[in-house]
Structure formats: C-alpha cells, structure tokens
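Notes to accompany the following structure.
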Amino acid sequence: MYRASQDILTFVASVFPNCTMDECVLVKQRNAMRTDSAMVFDNLWARHWNEWMTMEKPNVFAARLDRTGSKWSVGPETNIAAMLPHTADPLTRWSVDDYTVSPAGDNMAFVVRPPADNMTWATNVDIYLASTKHGSRPRLLTGQMNGTASAPTFSWDGRRLAWLQMETSGYESDINRIFIYTLATRKTVAVAYDWDLSPHNLMWSRDNKSLFTVTGSKGRSLIVQIDALTGHRRELTTTGSAASIRPIDNQSLLFVHSDTDKPADIHMLNTQSQAIQQLTNINAQTLRSVHLSKAEDFWFTGAHGDKVHGWVVRPFGFNRRTTYPLALLMHGGPQQASTQSFSHSQWNPNMYASAGFVTVVINFHGSPGYGQNFTNSVRHKWGDYPYVDLMRGVDYVTSRMRFIDKTRMVALGGSFGGYMANWINGHTDKFCALVSHDGKFSTISGYYGTDELWFPEWDLGKPWDPAGRAILEENNPERFSANFKTPTLFVQGEKDFRISSTESLGAWTMMRRRGVPARLVYFPDEDHWINRAGNSVRWHTEVLDWITKWTNTSAPYRIR
C-alpha cells in the first residue's frame, strides 16, 4: 500500500525472527542446503489450513520511497511488528493477518494474533496502532476485549479508526460488533451495539459521518449504512449479494453484485436514492447460450419450532407436467449460510439444476443472517437441529411441489455439509445417493486431526472431558456406521488440515468393507476446496455422474 503524501510504502512479508529481509534470504539459502527434512514441534500449531508451520511469520513493514527523475529508490524497511513483545518460541511469534494505513500515511493499524500456548484453542486477535514515521512501540487498542478483532479502517480524515470485534473468546462465529477509536482522545465507543446481524467488513463514507458494511440477512448479502454517531442503520440493497464496496463520493458507492441467476458485475449505488446502475456485463456473450434459473424462497417450521428459510432452483427446461429428481445442497459451517449469489465454487445450485434436478438449499440452524440466537443454537446440536431442519424442509418442498419425484432424491455437502451427509447416512434411507466432500466421519478422531481446536471445543467439547466426550459421541456419525446403506461418493483433498484425509478414507473404508456402494475421489494436491481448474472439472464430472447414475437421470449437462 502506497501513500504519496508521506512517500511511504507499506507491505506484508514473511520473515524469520530477529533478521532483516536480506538476512532472511540468507537463512532460506542455508535451509535449502540441509541434508535432512525434519520438522520439529514443541507447541501447537504444527500445521494450519493447508501448510505445515515454519519459523517464518507474516510481519508488516514500512519503507520510504524516494524519486529522482524517472527512478525510484526504496529506503531501509522498518518491521513494525518487530517492535511488539516476543516469546521464546519462534513458532508462536506475532503473525500479522491484516493491516490498513491512514489516508495521510502517518499511521497504521494492523491485526495480529497474540503469541501464546493457547493460540490454537483461543480466538483472541488484537488490533495495534503504530506510526509509520518513527520507531515508537505500537499501541494496543483491544486489550480489554477477548474475541477476534478484524477489518480495521481509518476515516478519510484520519482521525478515527473503526473495526469489527467479537467479544467471546473461543467462539469463531460470535457476532461482530462495531467499535470506533478516536486518535486524539484515545477513547473507544461501540456503535449499533443492539444490531442482531453480524457485519462482514467496514468502509467509511467520504464525509466521515457513516460506515458502510455488508451483512448477511435472510440468504442475501446486503449493503447497510450505519450512522457513526447514533448507530442508525439503513439497508441500501435488498436482493442478491453485494461485495467489495468502495465509496466514490458522498453519494456514490461502487460494489460487486451477483444473484443466483446473475454472475458478478460491478455496479454503482446512489446512497441517497438507492438507485443502482450496472456498469459492467462481463459475461454477456456467454450468458446468451446459458440458462440460469432464479431462486424461489420458501419458509417452513423447523427444529425447536423456529421458522427456517430455504429456496428452490428449478431445472433447465422445466415442465410442470414432468417429474424431476431432487438435489439437496447442504452448506458448511455449520455457522455459515448459503446466499443467493453466483457461486464459483462447487456448490452453485444452477449446476445441479442444469443437470435436471430440482435443487433445494436450506439455511438450517446455525446459519448467520437470521439473528445471533439462531446462529448460536447449533452448539452441541450438530446432529439434531440441522438434520431436523433439512428433513422437514425436504418434506415441505416435496409435499407442495408434486413435480418432484420423492423416489429420486440426493443430498450433497462439503465440510459441515459433508458431515451432515455422513450423519444422514446413519439415520435415514430416503435419499438414493449422497456426496460427502471433506466431511467429518468421527467427531473424536476429527478433533485430534484438525488444526483450529477452538472450533470443536466450542461447538462440541473436548474428548478427554466426560461431559465433552458425551456430546461428541452424541453427534458422532461413526457411531451409526452399521446403519450406512446409501451409496456415497466421498471427495477428499490431502492438504485439507481442517478435515484430515483419514475422515473420508475411514468412512469409505467402512462402507466398502461392509459391501455398501461407495466411491472415493482423492485429490493429493487440493485442500479444503478444489482450486485447480482441471480438478474442478473432474470434481463436477464425478459428482454429476454419481447423482445421475443413482437417480436414473438422463442429464442434459455438458462439462467443459
């Protein structure tokens, strides 16, 4: 990030402890000459997401840029994070997750995870404020708070800093609160604290009087304007999903918008009239030869007597006089939500509608966007509330849409959705086939193989604690292995350290040993997602072939 007013360049780079960037290059060269490949760990983490941890940590730097004629030169870099207190173990040094620089370039705020032995089971993440011009020690702004801080952003006049703050340590899906720090007075206030939805990011308005954010609300991602003084909120969009908001002036906001039947394009929003103008149509030529169906909302009574939201996407060439198979898509989390957006992942509902399926999406208990109590309610209830919601939702849809063939239904999910596919297999045979992508099979082995321990500990418990063990076993799909009878496709990435590859391998082994039809699709170079284009094509081919095979569907789709 470059600020011309101060000629300051800021950036994040991964470095070894106690060395400059040039010295770190020499350390890497020496490491490359080692005759062994051992990695030694005394503390957690050993691995995270898709990589094994090393002594390199992302730190934030500031350097001066000088220009002479047409040439630029970079002055010595200052490691801002190096001014923070250190721990003895280099593997638990400070790690910078995010940063922002004031418009004038004189101040920087950055997000760091404090070094501690409990960093894998505590979610504490702090925000520090530092000067980019001199070597003063950064100032901690979140010392009285216990949860995760994120998304710092300076007002355009540089006088205030806003950020998002969770307040419950150990709970990664706690509600985000908005806090504003005034640099001159060093005072922090909360804004819109009574709001029951969780904002995702923050941007200041150009007049510094309000904040813009995107929040999930009933299956949409909406832009909301918040008065920075009173906390008064105003929804500026009502449909689809918004992202990447950028204020242009006091009345104009650039953002990216998509919907179930509309890929992402750049739009301009008038924040006064709420009029929206589409500025790009990137996929116009492709869309002329592609059919995309709209989402149709429905609500039903789910677990605990609560209203639960879902939507249906009808198949290509829909004819009410014809019957169709049903595909139930189950999202991850469980504290995530499906949104009416154009997904570029493996879970785009139009992909399955194009294959001839009535596609159903349900935001079961745990999904954000329906009040924080709804999100919190899934704790200790993984195999209960979401399962009840999904089964009741399917019953609701099939009882009202007689064109759905109830004898030809499949269910698919990734991460928690994969866990739910495994749970379904032990509890009902109403589906012809299942797909479990990186899904947990055993809540016990899943705990010991995962990276972020705060997640299973908060949602379920610790395996060695009697109360926690009981909850883990109560929600354990492996406990019902003898009931698995539905043909299942398991998909697993070897580099997924959130859900270890032994989870899918174990479930597949059990089913094949018992003679139940099952298939394992293994990607040695993928993690929790499918990222490579060729692997994505293979993923869709395997999944669509599996669900059409077991529903006797002649698919009109063509993978390309």
Check your understanding: Going through the stretch 29-63 one residue at a time, which ones are of a type outside the set (S, T, N, Q) and under 30 Å from Ser131 (Cβ atoms)?
Key -> Met55, Glu56, Lys57, Pro58, Val60, Phe61, Ala62, Ala63
**Study point:** Enumeration of residues in the stretch 424-455 that are within 25 Å of Leu544 (Cβ to Cβ), of a type in the set (Ser, Thr, Tyr) and crowded, with 24+ Cβ neighbours inside 10 Å
**Key:** Ser436
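Show me the strands (runs of 3 or more DSSP E) found entirely inside the stretch 294-369 where at least 2 residues are closer than 20 Å to Cys432 by Cβ.
Where strands (runs of 3 or more DSSP E) fall fully within the stretch 294-369 and carry at least 2 residues being closer than 20 Å to Cys432 by Cβ, they are 307-313, 324-330, 358-363.
Just to check your reading of the model, which residue among Asn376, Asn348, Asn363 is of a type outside the set (Phe, Trp, Tyr) and farther than 17 Å from Thr260 by Cα?
Details: Asn348 fails: farther than 17 Å from Thr260 by Cα; Asn363 fails: farther than 17 Å from Thr260 by Cα.
Testing whether each residue is of a type outside the set (Phe, Trp, Tyr) and farther than 17 Å from Thr260 by Cα leaves just Asn376.
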Review point. So, of the residues in the stretch 31-64 that are assigned to a strand (DSSP E or B) and either among the charged types (D, E, K, R) or in contact with a His (Cβ under 6 Å, 6 or more places away or on another chain) (or both), which turns out to be nearest to Tyr448 (Cα to Cα)?
Key: Arg47
Check your understanding: Hey, any hits in the stretch 285-292 for a residue that's part of a strand (DSSP E or B) and either over 25 Å from the mean Cα position of the chain (by Cα) or touching a residue at least 12 places away in the same chain (Cβ under 8 Å) (or both)?
Key -> no
Exercise for review: Look through the stretch 233-253, keep the residues that are more than 26 Å from Asn350 (Cβ to Cβ) and aliphatic (A, V, I, L, M), and return whichever of them is surrounded by the fewest Cβ atoms within 10 Å (Cβ to Cβ).
Suggested key: Ile248
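Sort through Ser205, Ser221 and tell me the only one that's under 23 Å from Asn376 (Cβ atoms) and either crowded, with 16+ Cβ neighbours inside 10 Å or not polar (S, T, N, Q) (or both).
Only one candidate passes the filter, namely Ser221.
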Exercise for review: Output the residue which, of all residues in the stretch 498-526 that are touching a strand residue (DSSP E or B) at 6+ places or on another chain (Cβ under 7 Å) and of a type in the set (Ser, Thr, Tyr), is nearest to Trp546 (Cα to Cα).
Suggested key: Tyr522
Review point. Which condition breaks for Lys187 when tested against (1) within 30 Å of His331 (Cα to Cα); (2) surrounded by fewer than 18 Cβ atoms within 10 Å (Cβ to Cβ)?
Key: (1)
Review point. Within the stretch 217-257, how many residues turn out to be under 21 Å from the mean Cα position of the chain (by Cα) and assigned to a loop (DSSP other than H, G, I, E, B)?
Key: 4
**Study point:** For Asp395: the one exception among (1) under 18 Å from Asn425 (Cα atoms); (2) surrounded by 24 or more Cβ atoms within 10 Å (Cβ to Cβ); (3) free of Cβ contacts under 8 Å to residues at least 60 places away in the same chain
**Key:** (2)
Exercise for review: Taking Phe154 as meeting all but one of (1) within 22 Å of Met203 (Cβ to Cβ); (2) of a type outside the set (Gly, Ala, Ser); (3) surrounded by fewer than 19 Cβ atoms within 10 Å (Cβ to Cβ); (4) at pLDDT 90 or above, write down the number of the exception.
Suggested key: (3)
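Mind checking whether some residue in the stretch 490-508 is on the phi > 0 side of the Ramachandran plot, modelled with pLDDT of 95 or more and acidic (Asp, Glu)? Show your work before the answer.
Going residue by residue through the stretch 490-508, those that are on the phi > 0 side of the Ramachandran plot are none.
No, the stretch 490-508 contains no residue that is on the phi > 0 side of the Ramachandran plot, modelled with pLDDT of 95 or more and acidic (Asp, Glu).
Rundown of residues vs (1) assigned to a helix (DSSP H, G or I); (2) surrounded by fewer than 19 Cβ atoms within 10 Å (Cβ to Cβ); (3) touching a residue at least 12 places away in the same chain (Cβ under 8 Å); (4) touching a Ser or Thr at 6+ places or on another chain (Cβ under 9 Å), yes/no style:
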{"position": "Glu457", "(1), (2), (3), (4)": "yes, no, yes, no"}
{"position": "Ile471", "(1), (2), (3), (4)": "yes, no, yes, yes"}
{"position": "Thr486", "(1), (2), (3), (4)": "no, no, yes, yes"}
{"position": "Glu503", "(1), (2), (3), (4)": "yes, no, yes, yes"}
{"position": "Trp508", "(1), (2), (3), (4)": "yes, no, yes, yes"}
{"position": "Tyr522", "(1), (2), (3), (4)": "no, yes, yes, yes"}
{"position": "Gly534", "(1), (2), (3), (4)": "yes, yes, no, no"}
{"position": "Trp539", "(1), (2), (3), (4)": "yes, no, yes, no"}
{"position": "Asp545", "(1), (2), (3), (4)": "yes, yes, no, no"}
Point to revise | In the stretch 430-450, residue farthest from the chain's Cα centre (by Cα) [restricted to those that are under 23 Å from Val521 (Cβ atoms) and among the charged types (D, E, K, R)] | key: Lys440
Point to revise | First in the stretch 256-269 and free of Cβ contacts under 8 Å to residues at least 40 places away in the same chain and over 17 Å from Ser289 (Cα atoms), second anywhere and among the aromatic types (Phe, Trp, Tyr) and assigned to a strand (DSSP E or B), Cβ under 7 Å, 6 or more apart | key: His267/Phe255
Check your understanding: Can you name the number of the only condition in (1) closer than 27 Å to Arg113 by Cα; (2) in a loop (DSSP other than H, G, I, E, B); (3) free of Cβ contacts under 8 Å to residues at least 40 places away in the same chain that Lys28 fails?
Key -> (2)
Practice item. Write out, first by first residue and then by second, each pair whose Cβ atoms fall under 8 Å of each other, whose residues are 6+ apart or on separate chains, and whose first residue, in the stretch 363-392, is surrounded by 24 or more Cβ atoms within 10 Å (Cβ to Cβ) while the second is among the basic types (Lys, Arg) and not in a helix (DSSP H, G or I). Key: His365/Lys381
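The values are calculated or read from the model by the stated rules, or taken from the named source; none is laboratory data. This structure is a prediction, so every number in the text was calculated from the model and none was measured. With ideal geometry, Cβ positions are generated from the backbone for all residues, glycine too; neighbour counts draw on all protein chains shown.
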